[in-house]
Amino acid sequence: MARSTARKRALNTLYEADEKGQDILSLLEERIQTPGAQTPLPEYAIEIVRGVAEHLDEIDATLDTHSTGWKVKRMGVVDRNILRIATWEILFNDDVPDKVAIDEALSLAKTLCDDDSPAFIHGLLSAICTAKEKPID
């Protein structure tokens, strides 16, 4: 299964946990055990959800640091979870080039979010990439 599809499935899981106020990993285990009407979660979707859950505090802090005007808690649920996936890929998954993480996030945003979201997401993820590339003195 394509990684794009896995990202979409991961987004669905993160969105559901966020909306329900449910622990991400407990919902993930439910989805693994009982996929319901959908096909089982792809391995990469499971890796994303686990990675986001494991690094959630650091991911949200990074988003808060680089976002101008909108803290994570004020962002739309879909926007915030697209950003969490891409930030996890940028900071914690060396298998995905930063540009691919950004492009995939923009693709999701263009189909699932309002018209202003892609530009906001692109700017925020670009700032995170720029900060990541700067050497620490």
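Scanning the stretch 70-97 for residues that are under 13 Å from the mean Cα position of the chain (by Cα), open to solvent by 30 Å² or more (accessible area, probe 1.4 Å) and within 15 Å of residue 127 (Cβ to Cβ) gives a single hit, 91.
Checking the conditions here, which among 59, 46 is among the β-branched types (Val, Ile, Thr), out of contact with any helix residue (DSSP H, G or I) (no Cβ under 6 Å at 6 or more places or on another chain) and under 21 Å from residue 23 (Cβ atoms)? Spell out how you get there, then give the answer.
Working: 59 fails: out of contact with any helix residue (DSSP H, G or I) (no Cβ under 6 Å at 6 or more places or on another chain).
Only one candidate passes the filter, namely 46.
So that you can scan it fast, the table gives a plain yes or no per residue for (1) within 12 Å of the chain's Cα centre (by Cα); (2) under 21 Å from residue 90 (Cβ atoms):
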site	(1), (2)
7	yes, yes
10	yes, yes
16	no, no
24	no, yes
31	no, no
34	no, no
40	no, no
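Here residue 45 fulfils each of the conditions (1) open to solvent by 40 Å² or more (accessible area, probe 1.4 Å); (2) more than 19 Å from residue 130 (Cα to Cα); (3) of a type in the set (A, V, I, L, M, F, W, C) apart from (1).
The values are calculated or read from the model by the stated rules, or taken from the named source; none is laboratory data. Bear in mind the structure is a predicted one, so any value in this text is a computation, not a measurement. Note that each Cβ is placed from the backbone with ideal geometry, even for glycine, and that neighbours are counted across all protein chains shown. Surface areas here come from the heavy atoms of the whole protein model, side chains and all, with no ligands, DNA or RNA. Shrake-Rupley method; radii C 1.70, N 1.55, O 1.52, S 1.80 Å.
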